[in-house]
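What follows is a single structure, written as structure tokens, with notes after it.
Please treat every number below as a calculation from the coordinates, not as lab data. The structure presented is a predicted model; accordingly, all values stated were derived computationally and were not measured. Note that we place each Cβ from the backbone using ideal geometry, even for glycine, and neighbour counts take in every protein chain shown.
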């Protein structure tokens, strides 16, 4: 089944993906999602879903455990890295504890056994979409921080690492063989380029970028 063109168009509304081989389930869920103001894209099997590109808006996946070909749990494992910002809600006509444990350990938001109420599913989706929204926001923030970091000169990067390690300006100067005044100038440019409003802010930025200085051997 070919995904709806909505998947490829910029949109504000979140997208709820569904992978279930039961056409009646897919159709009923599409109706429910329209009522909630969400976009939907449905697939009868995991292979079709894998051909669909990741969404650029908050999204989640409603995934049946038992599918033809690639199982739901196997699909969860396959997309764990490249679609980490898309939470999964499992649905199944039957379930057991080991299956549920495996799904939840894989990061699933919920594991619902049919029949389930619309309220239970909508609540799980709302939780999943909020998690997705947060993940996308954090990813965009990291992208911006990396872009800012790329504007630093090699010397400014050295100063940044030493400053956030807790060194005083004169200690940084001694470490790099430059004057304290020069260190202050570099530090000021680092703060400006990294858009840090305070030293604490700069430390947090460096931590998020993984720029902490390794301890001496």
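Calculated FRET efficiency, residue 168 and residue 146, Cβ-Cβ r, R0 22 Å, to nearest 0.05?
Between residue 168 and residue 146 the formula returns 0.20.
Only helical DSSP H runs with n ≥ 4 go in: add -39500 (n - 2.57) per run for the chain, normalise by residue count and round the 222 nm mean residue ellipticity to 500 deg cm²/dmol.
Here the helix-only value at 222 nm equals -16000 deg cm²/dmol.
Based on the mean of other Cβ atoms within 10 Å per residue, sort peptides 45-56, 143-154 so the most packed one is first.
45-56, 143-154
Between the alpha-carbon centers of the range 23-51 and the range 64-123, tell me the distance in whole angstrom.
With the range 23-51 and the range 64-123 each reduced to a Cα centre, they are spaced 15 Å.
Let a ≥ b ≥ c be the square roots of the eigenvalues of the Cα gyration tensor of the chain; is it rounded (a/c under 1.5), or, if not, prolate (a/b larger than b/c) or oblate?
Working: a/c = 3.42, a/b = 2.68, b/c = 1.28.
Prolate is the answer for the chain, as a/c is 1.5 or above and a/b outweighs b/c.
Is the range 163-217 best put as rounded, prolate or oblate by its Cα gyration tensor, with a ≥ b ≥ c the root eigenvalues, rounded for a/c under 1.5, and otherwise prolate when a/b is larger than b/c, oblate when not?
Oblate is the answer for the range 163-217, as a/c is 1.5 or above yet b/c matches or exceeds a/b.
To the nearest 10 degrees, how steep is helix 118-150 against the longest Cα principal axis of the chain, on a 0 to 90 scale?
30
Obtain the nm distance between the two label points defined at residue 209 and residue 66 by a simple spin-label model: each point lies 7 Å from its Cα along the Cα-to-C-beta direction.
About 5.2 nm separates the two model spin labels.
Pop the C-beta distance of residue 179 and residue 126 into the FRET formula with R0 = 41 Å and round what comes out to the nearest 0.05.
Details: r = 57 Å, r/R0 = 1.39.
The formula returns an efficiency of 0.10 here.
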